[in-house]
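The values are calculated or read from the model by the stated rules, or taken from the named source; none is laboratory data. Everything numeric here is computed off the predicted structure, so don't read it as measured data. Reconstructed Cβ throughout: ideal geometry from the backbone, glycine too, with neighbour counts over all protein chains shown. Each accessible area value is taken on the protein alone, full model and side chains, heavy atoms only, with ligands, DNA and RNA left out. Shrake-Rupley method; radii C 1.70, N 1.55, O 1.52, S 1.80 Å.
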Amino acid sequence: MSNPGYGLDGGLSVVIDDRYAMCYLMLATYAYAGQSKAATAVASINATFTNNLAKAAQTVPANAPVPDCYWEIAWGPHASDDNSNLAYAAALMDPASKLPIMGAIAIRGTDILAVDWAKIQQVLQDIRVDTQKAWPYTMPKNYDDVLLAAGSLDGLQNKILKLGTNILDRKGNIADWVVSFSALYPGSPIVVTGHSLGGCQTTALAAYLRSTESGVPTSVQICPNPFAGPTAGNTGFAAMYDDLFGATGRRWFNTFDVAPMAFNQADVASLAEFWNSGQWTCQPALTMSGHWTTAYDLIRNWVAGKGYQQPTTGARPLNGQCSYPPPSSSFPPPQMTSSDPFTAMVLLQHFPPAYQTMMISQGYPSVIWPPAAPADP
């Protein structure tokens, strides 16, 4: 069955222009709902989408080509047993035909409220950059020297691709969902999005969905839209990614956010003076505190000579601002604030609300975000 919604503007609103960009950030932000426990996170995300449907709130831009379309959960949410990783899929539905205009996969970033073991797993995915591993999947054509950070590849293989496959779920993994969704609704593009660690895993998962092993037909449009993601791989991975998604991908990053600067060697080297000169144009100047200096020195040594590079595909730099409106009462949680000015600024520049503010100020179509459902006690 063909998709009438997707065909209204030839798919330009999804595949080529940025009309739904704020929706992707919204979906990535909803992935954080109900942090701390896997069951609570799953229940909170489900409740968020149920509440949004009941209130008929605006969750798409006013100039969307299909009026009054709405999002609903299509797969998951699924969290790993240790709650280190979570993902879900949603479909943007045409209310008239009840057919999806597109599918979207949202991958959660670091759950700062997770229990200690889950935090360790997330940190390892973020910073295991001292070791690189060869890309293990069969691609449409040969690419040279494609390497991923050991943490990024481990997160993809042993966390993201195993979501939905345990003995209790048995729903199939995210690639299985893409295959079945695309068979039911040919022509519907698949967006992949996530913030921070979720943004890094967005690039890895999108590349996997183009592999033979994923089972996803080459005719399916995969449209990655990572936000604030650290670098997943080396120059070979970046070149492969750019070749695969040059026409359909975006990469969103705040020019004052340090996370997207990791782990390109030159960018990492520049961080020592980032807050005192160069890109940082705000006052007062900031100085790294002791634990930041220690971490910085370790990472600088780990990435030396590794050739980490961000893809150039669809780069969407967002002009950093010195301050942002106060965050909502529910995000960021108190655990993501700090009395140390340097730490506070690093966190502030990385939050999804900062990205939302910058996108609005730069003219991307605005979206009203209904609040995420509160977590159960």
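Observations
- Flag for ALA315 being surrounded by fewer than 16 Cβ atoms within 10 Å (Cβ to Cβ) and modelled with pLDDT of 85 or more: yes
- Subset of the range 253-267 (residues that are out of contact with any Pro (no Cβ under 8 Å at 6 or more places or on another chain), under 14 Å from ALA238 (Cβ atoms) and either outside any helix (DSSP H, G or I) or of a type in the set (D, E, K, R) (or both)): ASN264, ASP267
- Scan of the range 7-20 for residues that are within 18 Å of ALA89 (Cα to Cα) and either at pLDDT below 90 or touching a strand residue (DSSP E or B) at 6+ places or on another chain (Cβ under 7 Å) (or both), ordered by number: VAL14, VAL15
- Cβ-Cβ under 7 Å pairs, at least 6 apart or on other chains, the range 179-205 side within 9 Å of GLY109 (Cα to Cα), far side among the acidic types (Asp, Glu) and at pLDDT below 95: LEU197/ASP126
- Considering the range 78-89, the residues that are open to solvent by 10 Å² or more (accessible area, probe 1.4 Å) and of a type outside the set (S, T, N, Q) include one that is farthest from PRO100 (Cα to Cα), namely ASP82.
- Residues satisfying the stated conditions in the range 171-227, i.e. surrounded by fewer than 23 Cβ atoms within 10 Å (Cβ to Cβ), among the hydroxyl-bearing types (Ser, Thr, Tyr) and part of a loop (DSSP other than H, G, I, E, B): TYR185, SER211, THR218, SER219
- Among the residues making up the range 358-374, those that are of a type outside the set (A, V, I, L, M) and modelled with pLDDT of 90 or more are SER361, GLN362, GLY363, TYR364, PRO365.
- Residues of the range 281-305 classified as closer than 27 Å to ALA207 by Cβ and open to solvent by less than 60 Å² (accessible area, probe 1.4 Å), total: 3
- Among residues of the range 360-377 being open to solvent by less than 40 Å² (accessible area, probe 1.4 Å) and touching a Lys or Arg at 6+ places or on another chain (Cβ under 9 Å), the one that is farthest from THR255 (Cα to Cα) is PRO370.
- Counted residues, the range 268-277 - those being open to solvent by less than 40 Å² (accessible area, probe 1.4 Å) and either in contact with a Leu (Cβ under 6 Å, 6 or more places away or on another chain) or assigned to a helix (DSSP H, G or I) (or both): 3
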